[in-house]
Amino acid sequence: MMNPSHPYSALTPDCALDALDATGLKADGRLLALNSYENRVYQMGVEDAAVQVVVKFYRPGRWSDTAILEEHAFTAELAAREIPVVAPLELNGATLHTHAGFRFAVYPKQGGRMPEFERADTLRRMGRFLGRIHAVGAQANFAHRPTLDIETFGTASRDFLRDGNWLPPDLVAAWDSVVEYALAGVAHCYERAGTVRAIRRHGDCHAGNVLWTDAGPHFVDFDDSRMGPAVQDLWMLLSGERDAQQAQMTEILTGYEDFAEFDPRELHLVEALRTLRLIHYAAWLARRWDDPAFPAAFPWFNTQQYWQARILELREQIALMDEPPLVA
């Protein structure tokens with residue numbers, strides 16, 4: 001049962017369909033909830049049209065209007081340069097709409113399949129398109145969206161978990177110790193890298209946010225776009241042991257540097273950024289636990305086994321951050 005105190009409890013199917021109607025696109029009643037937790041996303045049919053659209057209802061209180069519009073402007077800027085990103089539709093002169101207290105955007109439906117990142121040619125093509133995205137992203141800065149750094153992803157996440165008493169009492173000491181060592185390791189990686197440039201980029205470039213067609217990748221969901229190092233969009237394409245990751249990074253950079261210069265010092269940040277993401281992800285689940293969708297989708301969160309696994313994971317990351325970085 002939906003928690004009546006949670007904002008999304010008011011986003012009923014009828015409310016979602018009425019929101020699309022309010023833009024001038026008449027919903028035909030077809031509505032399919034898509035796999036999204038941070039926001040609520042629905043595929044909807046449109047009357048008298050062969051196409052379907054995707055409607056994203058932004059999580060209340062997460063982003064300001066100006067921050068959302070910066071995301072929209074960035075994707076529009078990329079699309080104008082014929083980079084295959086899925087940008088929101090402009091309807092009635094706007095890309096951000098409101099209905100019944102919810103802010104939302106309407107996107108064209110984009111088909112595609114999961115990219116095969118184990119293929120060298122796929123990685124090279126991904127690298128080329130990411131190089132194009134970053135070449136545009138480096139031309140200006142976000143003014144209203146935050147930066148991915150140790151403070152926002154690491155320290156703030158650690159403090160939220162610590163202050164909220166999320167850990168079992170018998171694991172608090174172990175967690176406190178390992179997270180401090182992990183954040184110290186992240187700081188050391190940043191010191192080794194030196195000053196690296198922060199640019200606008202996708203921010204959450206994993207396989208689920210890339211739809212592959214015969215024409216190549218289509219990038220969706222720039223909701224986590226923020227200022228940060230370019231390598232954040234590259235390391236999320238890597239998998240396997242070090243040798244495999246090295247070969248994958250070589251292919252990615254072969255394509256990437258056709259369109260943008262890559263600073264090899266950023267490779268010192270690969271494991272540091274992975275560590276920050278692990279800490280941030282645990283805090284993200286805790287922050288969203290009042291949303292009924294989260295206990296249903298992540299029943300293993302906040303169990304004894306969950307925190308034991310996170311402690312072990314961070315210990316492994318501490319060791320990885322001490323190893324030499326991948327090479328360009």
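Read-outs throughout are calculated quantities, based only on the coordinates presented, and are distinct from any laboratory measurement. Model, not experiment: these values are computed from the prediction. Positions of Cβ are backbone-derived with ideal geometry, glycine not excepted, and every protein chain shown enters the neighbour counts.
Restricting attention to the range 17-28, does a residue exist that is of a type in the set (A, V, I, L, M, F, W, C) and under 23 Å from the mean Cα position of the chain (by Cα)? No, because not a single residue in the range 17-28 is of a type in the set (A, V, I, L, M, F, W, C) and under 23 Å from the mean Cα position of the chain (by Cα). If you go through the range 28-43 and keep only what is within 18 Å of residue 10 (Cβ to Cβ) and in contact with a strand residue (DSSP E or B) (Cβ under 7 Å, 6 or more places away or on another chain), you end up with 31, 33, 39, 40, 41, 42.
Would it be correct to say that residue 211 is within 21 Å of the chain's Cα centre (by Cα) and in a loop (DSSP other than H, G, I, E, B)? In short, no. Being more than 27 Å from residue 286 (Cα to Cα) and either part of a helix (DSSP H, G or I) or hydroxyl-bearing (Ser, Thr, Tyr) (or both) is true of residue 192. Test residue 223 against the criterion of being touching a residue at least 40 places away in the same chain (Cβ under 8 Å) and either closer than 17 Å to residue 118 by Cα or not in a helix (DSSP H, G or I) (or both), and give yes or no. Criteria met by residue 223. Contact map, the range 286-311: first residue part of a loop (DSSP other than H, G, I, E, B), second residue loosely packed, with under 13 Cβ neighbours inside 10 Å and not aliphatic (A, V, I, L, M), Cβ cut-off under 8 Å, separation 6 or more or different chains; pairs are 290/5. Sort out which residues of the range 288-328 are under 26 Å from residue 38 (Cβ atoms) and small (Gly, Ala, Ser), and write them in order of number. Hits for the range 288-328 are 293, 296, 297, 309.
For the range 22-35, how many residues are over 10 Å from residue 45 (Cα atoms) and either loosely packed, with under 13 Cβ neighbours inside 10 Å or of a type in the set (Gly, Ala, Ser) (or both)?
The qualifying residues number 5.
Number of residues in the range 151-170 that are surrounded by fewer than 16 Cβ atoms within 10 Å (Cβ to Cβ) and part of a helix (DSSP H, G or I) equals 8.
Entry remark, the range 11-21: residues being farther than 17 Å from residue 291 by Cα and either surrounded by 16 or more Cβ atoms within 10 Å (Cβ to Cβ) or free of Cβ contacts under 8 Å to residues at least 40 places away in the same chain (or both) number 7 in total.
Within the range 239-269, the set of residues being among the aliphatic types (A, V, I, L, M) and assigned to a loop (DSSP other than H, G, I, E, B) comprises 260 only. Scanning the range 38-57 for residues that are under 17 Å from the mean Cα position of the chain (by Cα) and within 26 Å of residue 129 (Cβ to Cβ) yields 38, 39, 41, 56. Restricted to the range 87-113, and to residues there that are in contact with a helix residue (DSSP H, G or I) (Cβ under 8 Å, 6 or more places away or on another chain) and among the aliphatic types (A, V, I, L, M), the residue that is farthest from residue 43 (Cα to Cα) is 100. In the set (1) under 21 Å from the mean Cα position of the chain (by Cα); (2) free of Cβ contacts under 8 Å to residues at least 40 places away in the same chain; (3) over 26 Å from residue 234 (Cα atoms), residue 160 fails one condition alone, (2).
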